[in-house]
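The values are calculated or read from the model by the stated rules, or taken from the named source; none is laboratory data. Since the model is a prediction, treat every value here as computed from it, not as a measurement. Quick reminder, even Gly has a Cβ in these numbers, built from the backbone with ideal geometry, and neighbours come from all protein chains shown.
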Amino acid sequence: MNLAQYIVEATQEVFTTMLMEEVSAGAPLETRNERFSDSISSIVGMAGANKGAVAVHSPVNVACRITELFLGMEVESLDDDVKDAMGELANMITGNVKGKLEEQGQDIRLSIPTTVDGDNYTVECPGKHEGTIVPFSFQDCRFLVEIHFE
Amino acid sequence: MFNSSIIAPAVREIFEFMIGMDLTVHADSSPLPGYHLNSVSAVIGFSGATRGMVAIHCPEQVALAISSALLDTNETEVTADVRDAMGEVANMVAGGIKAAATEQGAELELSIPTTVCGERYSVGGFPSAKKTAVEFSIKEGNFFVEIRYVG
């Protein structure tokens, strides 16, 4: 199972079809920086016979740009609209990954998104499972999408 | 569905029988803080009869005490071991709540846990979700168990 490929395809499909924006994927990160500053992370759990989680990590200014793509209006600072938009982005990416995994015979159901924001925080998925984190960029914006799956 | 009468007994049972800690349930919980300061949170998603998440939010000194009890060590800093232990505690608490939900005819499946820690962070999302938070005390301080769910 190539989790990085699922993440790349899902993220690009969501951005192209839902946000009308092309995103470029970089190579999966070899070392994961677990600490985030002035950022927002949205996490969707995958439950069922096979368990996992997908997380989108974005600096606040990039999250504002992504929210502008969603809403079609200017967004200047982190507010509830930005948190909702990043939760919805994680939900859509995870839903796309779910479809791909179900084609491989996996049984998956999604939790609601959880959104974390802060000045300086860590997010980790502890435990023994396969995981990868992929950087994406559009215009001058960069963000990360991560998956862990048993 | 997930009111304090489901959460409190499930959390108490996990703490007393699996972690080996006595705790006090606050009948009148304080409001869940908007931002958690110098804290560790562990979140686990669920799906099935309803979709949602269970989170445990602990100030660092509470997370250190719980982790020390679970690991039978003396944890003094929030290390990867402590964050892993808090993920396991979330797993156990969510498992207890899942069992209580099953008794009421609601089958749930759990995701893997995610841990968050930092000097100042918020944990939220899905504003239309129903929310319940229960506050507990151990001698090192207070902590919250929160459930958000839809449907």
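Some observations on this one:
- Subset of the range A:62-104 [loosely packed, with under 15 Cβ neighbours inside 10 Å and under 19 Å from A:ASP119 (Cβ atoms)]: A:GLU76, A:SER77, A:ASP79, A:ASP80
- Residue check for A:GLY45: touching a His at 6+ places or on another chain (Cβ under 6 Å) and within 14 Å of chain B (Cβ to nearest Cβ): no
- Filter result (at the interface with chain A (Cβ under 8 Å from one of its Cβ atoms) and within 14 Å of the chain's Cα centre (by Cα)) within the range B:89-110: B:LEU110
- Subset of the range B:92-135 (residues that are in contact with a helix residue (DSSP H, G or I) (Cβ under 7 Å, 6 or more places away or on another chain), more than 26 Å from A:GLY127 (Cα to Cα) and assigned to a strand (DSSP E or B)): B:THR132, B:VAL134
- The residue list A:LEU110, A:LEU78 contains one member that is more than 8 Å from chain B (Cβ to nearest Cβ) and over 23 Å from B:ARG83 (Cβ atoms), which is A:LEU78.
- A:ILE40 fulfils the conditions (1) at pLDDT 95 or above; (2) surrounded by fewer than 21 Cβ atoms within 10 Å (Cβ to Cβ) except for a single criterion, (2).
- You will find that of A:ALA55, A:ALA85, A:ALA90, the residue that is in a helix (DSSP H, G or I), touching a strand residue (DSSP E or B) at 6+ places or on another chain (Cβ under 8 Å) and not basic (Lys, Arg) is A:ALA90 and no other.
- Test set (1) within 24 Å of A:GLU130 (Cβ to Cβ); (2) out of contact with any Ser or Thr (no Cβ under 8 Å at 6 or more places or on another chain); (3) of a type in the set (A, V, I, L, M, F, W, C); (4) crowded, with 23+ Cβ neighbours inside 10 Å - B:MET86 fails condition number: (2)
- Some residue of the range A:125-147 being within 7 Å of another protein chain (Cβ to nearest Cβ), under 17 Å from A:ASN33 (Cα atoms) and assigned to a strand (DSSP E or B): no
- The range B:127-141: number of residues that are over 16 Å from B:MET21 (Cβ atoms), surrounded by 14 or more Cβ atoms within 10 Å (Cβ to Cβ) and of a type in the set (S, T, N, Q): 1
- Candidates B:ALA42, B:ALA85 - the one that is facing chain A (nearest Cβ under 9 Å), outside any helix (DSSP H, G or I) and in contact with a helix residue (DSSP H, G or I) (Cβ under 8 Å, 6 or more places away or on another chain): B:ALA42
- Some residue of the range A:40-54 being free of Cβ contacts under 8 Å to residues at least 60 places away in the same chain and over 12 Å from the mean Cα position of the chain (by Cα): yes
- Looking across B:SER5, B:SER47, B:SER67, one residue alone is within 13 Å of chain A (Cβ to nearest Cβ), at negative phi and free of Cβ contacts under 8 Å to residues at least 40 places away in the same chain. It is B:SER67.
- The set of residues in the range A:105-129 being buried (at least 21 other Cβ atoms within 10 Å of the Cβ) and free of Cβ contacts under 8 Å to residues at least 60 places away in the same chain consists of A:PRO126 alone.
- Test result for A:ALA10, outside any strand (DSSP E or B), of a type in the set (Gly, Ala, Ser) and either touching a Leu at 6+ places or on another chain (Cβ under 6 Å) or within 14 Å of another protein chain (Cβ to nearest Cβ) (or both): no
- B:THR76 meets each of the listed conditions (1) over 11 Å from the mean Cα position of the chain (by Cα); (2) among the β-branched types (Val, Ile, Thr); (3) more than 7 Å from chain A (Cβ to nearest Cβ); (4) closer than 20 Å to A:THR114 by Cβ apart from (4).
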